[in-house]
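Single-structure report; data block below.
The values are calculated or read from the model by the stated rules, or taken from the named source; none is laboratory data. Predicted model only: the values in this text are computed from it and were never measured. Cβ placement follows ideal geometry from the backbone for every residue including glycine, while neighbour counts extend to all protein chains displayed.
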Amino acid sequence: MHNHHMKSAKAMTIRLSEEQAEELETVANVENRPVSEIIRAAIAEHVERVSRTPDFQSSLRERISKAERLLKD
C-alpha cells in the first residue's frame, strides 16, 4: 500500500450512516490510527483495484477520446 505524504491536501466532507461511522471509529481505535488515515487507505485501495478493470479502462479511454475532440489546435 502507498503511504502518500500530502504536500497539499483537499478537505472533503463525507456523510456516513451511524453504523458506518461507528465501524470506522472502531477500526481506527483498534489499529491506533487516525480515522482520516483509514479513509485515505481505503480510497487508495479502491482506486488501485477499480482502475485496473477492463470496464474502467474502456470507459476512461472513451472519456479521453471525447475530451480530445473538444481540444482546438
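When residue 60 is tested against (1) modelled with pLDDT under 95; (2) assigned to a helix (DSSP H, G or I), exactly one condition is not met: (1).
For every residue, the table says whether it meets (1) free of Cβ contacts under 8 Å to residues at least 12 places away in the same chain; (2) under 18 Å from the mean Cα position of the chain (by Cα); (3) surrounded by 10 or more Cβ atoms within 10 Å (Cβ to Cβ).
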{"position": "9", "(1), (2), (3)": "yes, yes, no"}
{"position": "16", "(1), (2), (3)": "yes, yes, yes"}
{"position": "20", "(1), (2), (3)": "yes, yes, yes"}
{"position": "23", "(1), (2), (3)": "yes, no, yes"}
{"position": "30", "(1), (2), (3)": "yes, no, no"}
{"position": "39", "(1), (2), (3)": "no, yes, yes"}
{"position": "43", "(1), (2), (3)": "yes, yes, yes"}
{"position": "53", "(1), (2), (3)": "yes, yes, yes"}
{"position": "70", "(1), (2), (3)": "yes, no, no"}
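The residues of segment 10-46 that are assigned to a helix (DSSP H, G or I) and among the small types (Gly, Ala, Ser), listed by number, are 21, 28, 36, 41, 42, 44.
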